[in-house]
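As structure tokens, the structure follows; a few thoughts come after it.
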Amino acid sequence: VLQIVKESQQQHGLRHGDFQRYRGYCSRRLRRLRKTLNFKMGNRHKFTGKKVTEEILSDNRYLLLILMDAERAWSYAMQLKQEANTEPRKRFHLLSRLRKAVKHAEELERLCESNRVDAKTKLEAQAYMAYLTGMLRFEHQEWKAAMEAFNKCKTIYEKLANAFTEEQAVLYNQRVEEISPNIRYCAYNIGDQSAMNELMQMRLRSGGTEGLLAEKLEALITQTRAKQAATMSEVEWRGRTVPVKIDKVRIFLLGLADNEAAIAQAENEETKERLFESLLSECRDAIQAVREELKPDQKQREHSLENDSGKVSNIQYLHSYLTYIKLSTAIKRNESMAKSLQRALLQQQRSDEDGKRSPRPQDLIRLYDIILQNLVELTQLPGLEEDKNFQKEIGLKTLVYKAYRCFFIAQSYVLVKKWSEALVLYERVLKYAREVQSGAGAHRNSLKELPDVQDLITQVNAEKYSLQAAAILDANDPHETESPSQVKDGKPLSERFETFCLDPSLVSKQVSLVHFPPGFQPIPCKPLFFDLALNHVAFPPLEDKVEQKAKSGLTGYIKGIFGFKS
């Protein structure tokens with residue numbers, strides 16, 4: 001049962017969440033099955049209901065009829081669930097369709113109790129029935145009944161997974177993973193507080209839940225944080241306590257520590273990137289809520305600036321704090337991406353693989369440019385201009401990231417064999433690193449999260465020696481010195497047949513064979529002739545050879561008609 005259902009769903013729309021397309025597929029398949037089995041419900045004029053009984057179970061396609069009926073009702077319910085977000089009245093139709101799906105599943109389970117059905121199909125029919133029953137109870141918010149149904153479904157699929165091979169067990173384990181968050185959610189609503197923590201961990205590990213539970217879980221997390229936010233009235237940052245009156249900001253600040261912990265525990269880079277994006281999105285929403293409060297507070301803020309000698313208002317300081325969180329998170333995200341690119345760069349140097357675009361030092365330079373831009377924005381936050389310690393910390397962080405940026409610029413110059421430029425940039429890296437070491441002092445705690453500068457110094461010293469060796473070898477290589485001089489003269493191939501050189505441009509699309517269009521060459525002009533003797537020639541008289549003009553008149557006209565000539 002489960003294999004038929006999953007294959008049909010994946011091939012006909014559910015891979016992209018298109019329940020309407022899957023519902024249409026179920027209807028068409030039902031029509032084909034009824035026509036093939038000659039099990040029609042009357043004709044076009046009159047409906048005659050028929051039921052599948054144990055006596056006619058001569059073909060397994062009769063069971064498929066009931067299964068497709070249940071799937072059609074379920075897919076329609078899921079389609080209505082998507083539409084119910086904007087049209088709440090459709091929720092009643094959704095519950096009706098789910099009840100219809102459960103009714104068909106009960107009929108399937110009853111028919112599978114026949115002796116003609118094997119034990120595996122019987123168990124799968126029971127699990128399918130329990131799954132649809134659990135979903136119906138879940139929508140009715142009958143948590144205890146839903147939890148019992150989901151647990152029954154989970155138990156059956158776990159036993160089936162243990163009874164068959166690993167390839168067959170994958171399908172059952174996937175269904176168990178799908179219903180596990182639903183069981184935790186039901187347990188939480190019954191009163192198990194520990195289930196909430198498990199749900200949070202599931203959400204953070206996967207970067208978001210899918211399916212029936214997604215919206216309910218997000219609402220539950222927001223509701224739980226809202227309850228905690230009711231007791232939160234202020235936040236302290238850099239020695240100043242600021243009251244927090246906006247609910248959205250309270251909820252964000254309460255979940256900040258959990259999100260940062262989940263990012264630190266992320267198993268792979270893809271999950272970490274997704275969590276970073278989620279945190280930045282929540283932070284932007286909180287900042288927007290503060291901006292809306294700032295607009296009516298504009299006049300009051302200007303008045304407070306005059307009275308408090310430049311001290312910004314509480315709402316403006318809260319805006320600076322949230323902006324600091326956003327920029328710091330963006331810096332951490334770009335730094336995480338830079339570390340993964342550095343690892344990929346090292347792996348590429350060890351094993352040169354072709355076929356896909358490999359990372360380059362230029363990619364890292366772009367990331368460090370963005371980080372430096374974020375640091376510049378941090379120094380311009382309102383309310384922190386006079387904070388010397390903060391400005392000093394940002395200055396040291398800027399030097400660290402400048403050092404790494406210079407290092408990868410030097411690496412890009414090494415790739416194109418610009419040795420002198422790369423050597424100068426390595427010296428600049430060492431200069432930045434020594435400035436960080438000399439100025440760290442009391443700010444070592446704030447620099448713990450940054451890349452280690454001492455490792456960079458060690459790496460730069462090693463790179464300098466290898467660069468000098470490569471430059472010497474490049475200078476002593478005759479092929480590298482002679483070949484360019486022969487090719488750089490710009491002569492086409494037709495003019496250098498007598499000289500041999502390895503010119504890679506000959507096999508490229510822009511090969512230089514001849515000068516085209518060819519240049520102009522001088523040629524003798526075409527001679528000009530002038531007739532000077534014409535004016536000095538006397539021509540002989542020709543009057544005797546010219547015929548006299550015939551006399552005109554009536555006689556001449558008549559002679560002309562009849563062909564007489566004079």
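If you rank 419, 237 by how much accessible surface each has, with a 1.4 Å probe, what is the order from largest down? Walk me through the intermediate numbers first.
Working: 419 50, 237 30 Å².
Most to least solvent-accessible, the answer reads 419, 237.
Of 248/339; 51/122; 144/248, which pairs sit farther than 30 Å apart, going by alpha carbon to alpha carbon? Each step should come with its number before you reach the end.
On the way: 248/339 33 Å; 51/122 20 Å; 144/248 32 Å.
248/339; 144/248, as the Cα separations exceed 30 Å there.
For segment 1-104, what ratio Rg/Rh do Cα atoms give with a Kirkwood hydrodynamic radius?
Values: Rg = 14.9 Å, Rh = 14.8 Å.
With Rg and the Kirkwood Rh in hand, the quotient comes to 1.01.
Carbon-plus-sulfur fraction of the accessible area of segment 380-474, 1.4 Å probe, in percent?
Details: 2720 of 5250 Å².
It is 52 percent, rounded to a whole number.
Any idea what the alpha-carbon Rg over 2.2 N^0.38 Å comes to for segment 380-474? Walk me through the intermediate numbers first.
Values: Rg = 15.9 Å, N = 95, 2.2 N^0.38 = 12.4 Å.
In units of the globular-protein estimate, segment 380-474 measures up at 1.28.
Just to verify a number: what accessible area does residue 507 come out at with the full protein assembly present, 1.4 Å probe, Å² rounded to tens?
Near enough 140 Å² of accessible area.
Of 272/402; 6/159; 392/431; 154/272, which pairs sit farther than 28 Å apart, going by alpha carbon to alpha carbon? Could the numbers behind the result be given before it?
Details: 272/402 25 Å; 6/159 19 Å; 392/431 18 Å; 154/272 30 Å.
The pairs that break the limit, which is 28 Å between Cα atoms, are 154/272.
Residue 529 to residue 247: extension gain in nm, 0.36 nm per residue of separation minus the Cα-Cα distance? Please list the in-between numbers first.
On the way: separation 282, 0.36 × 282 = 101.52 nm, distance 10.41 nm.
Length gained between residue 529 and residue 247: 91.1 nm.
Probe 1.4 Å, all protein chains in place: accessible area of residue 525 in Å², nearest 10?
Rounded to the nearest 10, the figure is 120 Å².
Compute, for residue 499, the solvent-accessible surface of its heavy atoms (probe 1.4 Å) with the complete set of protein chains present, and express it in square angstrom to the nearest 10.
Around 80 Å² of this residue is reachable by solvent.
For residue 237, which sequence-distant residues (separation of 5 or more, or a different chain) have an amide H within less than 5 Å of its own amide H, given hydrogens modelled in the peptide plane?
For residue 237, whose amide H was placed from the backbone, the distant partners under 5 Å are 242.
Test of the criteria: in segment 103-165, which GluC sites (Glu not before Pro) are in a DSSP loop and have at most 12 other Cβ atoms within 10 angstrom of their Cβ?
Working: sites: 106, 107, 109, 113, 124, 139, 142, 148, 158; in loops: 113, 142.
Qualifying residues, ordered by number: 113.
Apply 1/(1 + (r/R0)^6) to the Cβ-Cβ distance of residue 495 and residue 466, taking R0 = 45 Å, and write down the FRET efficiency to the nearest 0.05. Present the calculation step by step, with values, prior to reporting the outcome.
Details: r = 41 Å, r/R0 = 0.91.
Calculated value: 0.65.
Given +1 on the Cβ of Lys and Arg, -1 on the Cβ of Asp and Glu, and no further charges, what dipole in debye does segment 40-119 carry about its Cα centre, rounded to the nearest 20? The partial results should precede the final answer.
Working: 17 positive and 12 negative charges, 127 e Å.
Charge dipole of segment 40-119: 620 debye, to the nearest 20.
Using +1 at the Cβ of each Lys and Arg and -1 at the Cβ of each Asp and Glu in segment 380-474, identify which of 438, 425, 471 lies farthest towards the dipole's positive end.
471
The values are calculated or read from the model by the stated rules, or taken from the named source; none is laboratory data. Worth saying up front: this structure is predicted, and the values here are computed from it rather than measured. Note that we place each Cβ from the backbone using ideal geometry, even for glycine, and neighbour counts take in every protein chain shown. Note: accessible area is taken over every heavy atom of the protein model, side chains too, but ligands, DNA and RNA are not part of it. Shrake-Rupley method; radii C 1.70, N 1.55, O 1.52, S 1.80 Å.
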